[in-house]
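Below: the structure, in structure tokens.
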Amino acid sequence: MKLEIISPSEIMFSGDVDSVTLPGVKGKFTVLKNHASLISALKPGTIRFLNGSEERKVEIRGGLADIDNNKIAVCVY
């Protein structure tokens, strides 16, 4: 899957990942390959993503996630 995390001032991450856990306003959720399409508002928290055995984290204050066709676009502030 392709993940892009974008803030108003920079591209925080762009690359392939195996899974992404996002802090949705209704609770955390994890996106895996072939996930159903959805759009979700995000609350303050941590985005966690895995690529192989490497885990990375990005702290956010909120934002919006768009998941479609194995592409995850996250706009954060």
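Taking Cα centre as origin and charging only the Cβ of basic (Lys, Arg, +1) and acidic (Asp, Glu, -1) residues, the dipole magnitude of region 35-77 rounds to 140 debye. Separation between the E10 and A73 pseudo-spin-labels, each 7 Å from Cα along Cα→Cβ, expressed in nm? Result: 2.2 nm between the two label points. Seen from a random direction on average, the alpha-carbon convex hull of the chain projects onto 4.3 square nanometres.
The HN-Hα couplings worked out from phi for region 48-62 by the Karplus form 6.51 cos²θ - 1.76 cosθ + 1.60 (θ = phi - 60°) are 10, 9, 10, 9, x, 9, 8, 9, 10, 10, 9, 7, 10, 9, x Hz, whole numbers, x standing for Gly and Pro. Computed over protein heavy atoms with a 1.4 Å probe, the accessible surface of the chain works out to 61 Å² per residue. Per atom type, region 1-54 shows carbon and sulfur on 52% of its accessible surface, probed at 1.4 Å. Between G24, G62, G52, the GNM of the chain built on Cα springs shorter than 10 angstrom shows G52 fluctuating the most. The charge dipole of the chain, taken about its Cα centre with unit charges on the Cβ of Lys, Arg, Asp and Glu (plus for the first two, minus for the last two), comes to roughly 300 debye.
Only loop residues by DSSP count here, and only those with at most 15 other Cβ atoms within 10 Å; note down the GluC sites (Glu not before Pro) in region 10-77 that meet that.
For GluC sites (Glu not before Pro) across region 10-77 that sit outside H, G, I, E and B with at most 15 neighbouring Cβ atoms in 10 Å, the list reads E10.
The values are calculated or read from the model by the stated rules, or taken from the named source; none is laboratory data. Quick caveat: nothing in here was measured; it's all calculated off a predicted structure. Don't worry about glycine lacking a Cβ; one is built from the backbone with ideal geometry, like all the others, and counts go over all protein chains shown. With ligands, DNA and RNA removed, areas are computed over all heavy atoms of the protein, side chains included. Shrake-Rupley method; radii C 1.70, N 1.55, O 1.52, S 1.80 Å.
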